[in-house]
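> Can you read through this structure? Questions will come right after.
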Amino acid sequence: MIAGTAGRRTPEDRAGSWRLLDERRRDDAVLLMNERAGKVMLATGDLQTPVPLPGIGHGSPLTARFDGSADRVMVQGEDAREAAFMYTVQRGSTTGRWNPPRPLRLPPGCGPLDFGGQGEDGVVVRHHAGAGGTDLCWYDAGTGVCRVLHRDPGWVYGAALSPDRRSVVFLVGGPVSLSATVWVCDIDGSARPLHPPNGHAAVSLPAWTADGRGLVFSSAYGRDHAAVLHLDPVNGTHHVLYADQHDIGVRVLTGDDRLLILENRDGASSLALLDPLTSAHPIPLALPGHGLATVVRRPELGPGDELRVTFTAPGLPSAVWAIAPEREPRSLTPEAGIDRTWRPERFHVAAADSVRVPVLDWFPGEERGDGRPAPAVVALHGGPEQQWLLQDEQMFELFHQRGIAVFAADLRGSIGFGMHYSSLDDGVKNFDVLLDLEAVHSTLEQRGADPRRAVLVGASFGAYQVLLALAHQPQLWAAGVAVSGVSDPLSYLDQTRPHRRAQRELAYGSAERDGARMAEMSPLNAAAKITSPLLLVHGALDVRVPVTQSREMARVIGEAGGDVTLREFPDEGHRFASSANRAVRNQLVADFVTTHTRETTT
């Protein structure tokens, strides 16, 4: 075993993790998600004795918000095939009991983006119009009437109603990865683009100011890292409120003129209160440790500027904390265990083309008890527009218990390191990640790991990168694990849903323009070169990446005499919503990696 594990909890020791969904301080009411149980729960402000709300018995709730009062809650979720659902639960005025849920029957092909929020049944939805286009619609669940507000040939995502519910701000995907344009639309259907002036930039969904006269959001327009902007929705003018050397997020506070600043510092969160009139000297909020903090859509401050946040860190399941300036954070949910966390160590490696690749040594400074180099997992995240964040990663701890070092690599294309870095893998440039992986492999020995026993583990786009590396760098990797991954981008683009194809071509390449190169590098077409053992894991109901991508890979490798195992989960989709299935998947992966990193004697 790796030394220093005493006192750390195993994944089996964990209580359920918690996530804050919404709050109404005036009613002393809080909505929580119990992640392990997959239930939406209601609690008082001190979060004691949370009570589960009635559910509809299928699918996975993703979020919930109070709908006009603490006695009515709107819940949004999806099933394994990513079909969206919404329902309301309401407390009886005389009985005080929660009535059975009332589903809002969404039109086929629609997904909810925002709702009226005043006890009404009006919902802003996105409709997949076919041929790659999407419609922004206003759907009245009471009458069943769905009215198109804006029809776009691209990808419409994210929407927020103005306080007077007369306007909607939304995003339309741009022509390059991560890019979008901010649009505003009147409920009568008149839409116009607002930001950026040249058509696209990396932006977040804007939030309306309390008076409805302004929009506040993050934008990387004209810069490498996102800054906080204020935008006038009438004339489209904007000005910078706050910028730093890192990506900045923002929330508009309920009942307070200040803004909440959320800074991403190398995968860890930093929070502060900002006066938008002066934009000077943000007031920092002390977090429990070095990890990831998330907040609700419209946070509220309590006495002494106390703020509720969801916080997680390596070794610490997500929990709800109360934080405030110049005050020690306090846990509001059980199983805080902040003393059991640790801090991964960041280092960089230089690829052959001089790109500096950031990597996290998840368990730094620890060696096996006998002092010999440890086997290693190089972990690859999905996206590719994602980043390894300092949060609880239960699969990593399973590796750690078995004496396996973990290196979480943010290959080119990852976010959090500037817009230039995130654009380095656009289209067929994604094949350049092979240079990154070669550089990561070359540094393992210096980090106390055995490069001969290095295994690649990835999910979604990370799984595609695993297959790419096993096919084109078979001499480097002892084994590989690909969860819900694409094996052949050309057939994948044909199989994926029309509204996702254009978006996915930004990551994999255009079949029309880049087809020859994509065919040459396709892991499926090069499957005969794969000599390392491979574990494929896939949800049979996956609509993002059809399970046929893994089935075909398993068939071709098997016919070529290779060592391949395919494990399908019949009731899962792309994201493995069931905590029980996630636990089985994690154990399966850990057992496979352990088997194929055992030392052999000569």
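The values are calculated or read from the model by the stated rules, or taken from the named source; none is laboratory data. Small disclaimer: the values here were computed from a predicted structure and weren't measured. Cβ placement follows ideal geometry from the backbone for every residue including glycine, while neighbour counts extend to all protein chains displayed. We work out accessible area using only protein heavy atoms, side chains counted, and drop any ligands, DNA or RNA first. Shrake-Rupley method; radii C 1.70, N 1.55, O 1.52, S 1.80 Å.
> Taking the 0 to 90 degree range and rounding to the nearest ten, how far is the long axis of helix 498-508 tilted relative to the main principal axis of the chain, both from C-alpha atoms?
50
> Here's something else I'd like to know. Karplus couplings for segment 379-390 from phi (6.51 cos²θ - 1.76 cosθ + 1.60, θ = phi - 60°), rounded to Hz, Gly and Pro as x?
9, 10, 7, x, x, x, 7, 9, 7, 6, 9, 7
> Continuing with the same structure: Per-residue counts of other Cβ atoms within 10 Å, averaged by peptide: what ranking do you get for 42-49, 315-322, 240-247, highest first?
Taking the mean over residues of other Cβ atoms within 10 Å, the ranking is 315-322, 240-247, 42-49.
> Sorted by accessible area with a 1.4 angstrom probe, largest first, how do Arg192, Arg308, Arg343, Arg65 fall?
Arg343, Arg192, Arg65, Arg308
> Now for a separate question. Treating only the Cβ atoms of Lys and Arg (+1) and Asp and Glu (-1) as charged, compute the dipole magnitude of segment 56-198 about its Cα centre; round to the nearest 20 debye.
Computed charge dipole of segment 56-198: roughly 200 debye.
> To continue, here is another question. Take peptides 291-304, 96-109, 149-162, 397-410 and line them up by average Cβ neighbours within 10 Å, highest first, as a rough protection proxy.
The most tightly packed comes first, giving 397-410, 149-162, 291-304, 96-109.
> Label Arg213 and Thr565 with points 7 Å out from Cα along Cα→Cβ: what is the distance between them in nm?
Simple spin-label model gives 6.4 nm for this pair.
> Another question, if that's okay. Binning at 10 angstrom from zero up to the longest distance, how are the C-alpha pair distances of segment 370-499 distributed in percent?
12, 43, 34, 9, 1, 0
> Using 0.36 nm per residue of separation minus the Cα-Cα distance, give me the extension gain between Glu82 and Arg452 in nm, one decimal.
Extra length available between Glu82 and Arg452 comes to 129.2 nm.
> Using only Cα atoms, tell me the angle between helix 579-595 and the longest principal axis of the chain; keep it within 0 to 90° and round to the nearest 10.
20
> Per the Kirkwood definition applied to all pairs of different Cα atoms, how many angstroms is the hydrodynamic radius of segment 274-408?
With all distinct Cα pairs of segment 274-408 included, I get 17.4 Å.
> Separate question: Please list, ordered by chain and number, the residues whose modelled amide H lies under 5 Å from the amide H of Leu47; skip anything fewer than 5 residues away on the same chain.
Amide H neighbours of Leu47, under 5 Å, 5+ apart: none.
> Round to the nearest 0.05 the FRET efficiency obtained for Thr237 and Val148 when R0 = 25 Å and r is the Cβ-Cβ distance.
Efficiency, from the Cβ-Cβ distance: 0.30.
> Can you give the helix-only mean residue ellipticity at 222 nm for the chain, where every DSSP H stretch with n ≥ 4 adds -39500 (n - 2.57) and the sum goes over all residues, rounded to the nearest 500 deg cm²/dmol?
Per the formula, -4500 deg cm²/dmol.
> Next question, about the same structure. Distance from a point 7 Å along Cα→Cβ of Thr595 to each backbone N in segment 564-584: keep the residues under 12 Å and list them by number.
Zone members listed by number: 564-567.
> Something else: Report, to the nearest whole %, how much of the accessible area of the chain belongs to carbon and sulfur atoms, 1.4 Å probe, protein only.
Answer for the chain: carbon and sulfur cover 49 percent of the accessible area.
> Through the Karplus equation 6.51 cos²θ - 1.76 cosθ + 1.60, θ set to phi - 60°, convert the phi angles of segment 163-178 into ³J(HN,Hα) values in whole Hz; use x for Gly and Pro.
Taking θ as phi minus 60°, the curve returns x, 8, 6, 9, 9, 10, 9, 8, 10, 10, x, x, x, 10, 4, 6 Hz for segment 163-178.
> Another question about this same structure. Among Val295, Ser484, Trp183, which residue has its Cα furthest toward the positive end of the charge dipole of the chain, with +1 on Lys/Arg Cβ and -1 on Asp/Glu Cβ?
Highest projection toward the positive end goes to Ser484.
> Could you tell me which of rounded, prolate or oblate describes the chain, using a ≥ b ≥ c as the square roots of the eigenvalues of the alpha-carbon gyration tensor, with rounded for a/c under 1.5 and, failing that, prolate when a/b is larger than b/c and oblate otherwise?
Prolate, because a/c is 1.5 or more and a/b exceeds b/c.
> Given +1 on the Cβ of Lys and Arg, -1 on the Cβ of Asp and Glu, and no further charges, what dipole in debye does the chain carry about its Cα centre, rounded to the nearest 20?
Computed charge dipole of the chain: roughly 800 debye.
> With a 1.4 Å probe and all protein chains kept in place, how do Ser522, Ser331 rank by accessible area, largest first?
Ser331, Ser522
> Can I ask one more? So for the chain: antiparallel DSSP bridges make up what percent, rounded to the nearest 5?
80
> Separate question: Under a 5 Å amide H to amide H cut-off, with H placed in plane at 1.01 Å, what residues pair with Leu113 once short-range neighbours are removed?
Residues meeting the amide H criterion: Val124, Val125, Arg126.
> How much area per residue is accessible in the chain when the probe is 1.4 Å and only protein heavy atoms are counted (Å²)?
41
> How much length would be gained if the chain were fully extended between Glu35 and Glu445, taking 0.36 nm per residue of separation minus their Cα-Cα distance, in nm to one decimal?
Length difference between fully extended and current span is 143.8 nm.
> Could you work out how far helix 461-472 tilts from the main Cα principal axis of the chain, as a 0 to 90 degree angle to the nearest 10?
The two axes meet at around 20 degrees.
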